[in-house]
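K.L.:
Pasting a structure below so you can have a look.
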Amino acid sequence: MKSISPALQSFLFPAQGLPPQIFVADLYQFQLVQGGTLSYCSGDADIDWNGATWGAWQKYAPGRYLTQAFKARMQLATSDPTVIALLTDFSFGVDVPDRDDHYTGLAVPSWGLALSFTPDGGTAPVPFNGGPGSARVPAVQITILNAQAGDQAVLSSLTLAGCAIAIVNGGLGVARTVNVLAQGY
């Protein structure tokens, strides 16, 4: 099951009535009177709450929503039969916030450690949905505390759900304390 994150989303669109031309960007709902002609445009968003159930269409309002997916649509209308409502472009953007999992003072035994990713403040493991940019898995940074000459951090078996961490020195596993940062979304 994928996690639900607060996602910031926005509409960006120029709309126009012909004639005259009206440009609008990043507006929830607007009514403009130009030359006595009323033009109307509104955006609707549909939110997928759990990966399987779509809610009812609702008027678009910029903000943060806890969801897994969005659908968007536009409605255009004019009260003047000589004016054609025209949507020349439509862009719907969603910015999913980064998820950073911090593990400080983590004891890694000489045989290694299997780490299940748990969000900061969480009590149970939750897999990431993806990594930074177009990466399919999270980015993981390991810092060895009080490292000895020759210590090397080894990251293996990296998945969305976790990874394996070992510290080796001279080819042998050694017990060390580490800080780990896993970043994705």
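The values are calculated or read from the model by the stated rules, or taken from the named source; none is laboratory data. Everything numeric here is computed off the predicted structure, so don't read it as measured data. So basically every Cβ, Gly included, is an ideal-geometry build from the backbone, and we count neighbours across all protein chains shown.
K.L.:
Out of everything in region 127-152 that is within 29 Å of the chain's Cα centre (by Cα) and free of Cβ contacts under 8 Å to residues at least 40 places away in the same chain, what residue ends up being surrounded by the most Cβ atoms within 10 Å (Cβ to Cβ)?
P.N.:
That would be ILE142.
K.L.:
Also, quick follow-up: Could you please let me know if GLY121 is modelled with pLDDT under 95 and within 12 Å of GLY184 (Cβ to Cβ)?
P.N.:
no
K.L.:
Out of all the residues in region 28-43, is one or more modelled with pLDDT under 70, within 30 Å of GLY133 (Cα to Cα) and more than 20 Å from the chain's Cα centre (by Cα)?
P.N.:
Scanning region 28-43, I find at least one residue that is modelled with pLDDT under 70, within 30 Å of GLY133 (Cα to Cα) and more than 20 Å from the chain's Cα centre (by Cα), so the answer is yes.
K.L.:
Go through (1) assigned to a loop (DSSP other than H, G, I, E, B); (2) at pLDDT 95 or above; (3) closer than 30 Å to PRO62 by Cα for GLY133 and report which single condition fails.
P.N.:
Of (1) assigned to a loop (DSSP other than H, G, I, E, B); (2) at pLDDT 95 or above; (3) closer than 30 Å to PRO62 by Cα, only one is false for GLY133: (2).
K.L.:
Being free of Cβ contacts under 8 Å to residues at least 24 places away in the same chain and in a loop (DSSP other than H, G, I, E, B) is the requirement here; does PRO81 meet it?
P.N.:
yes
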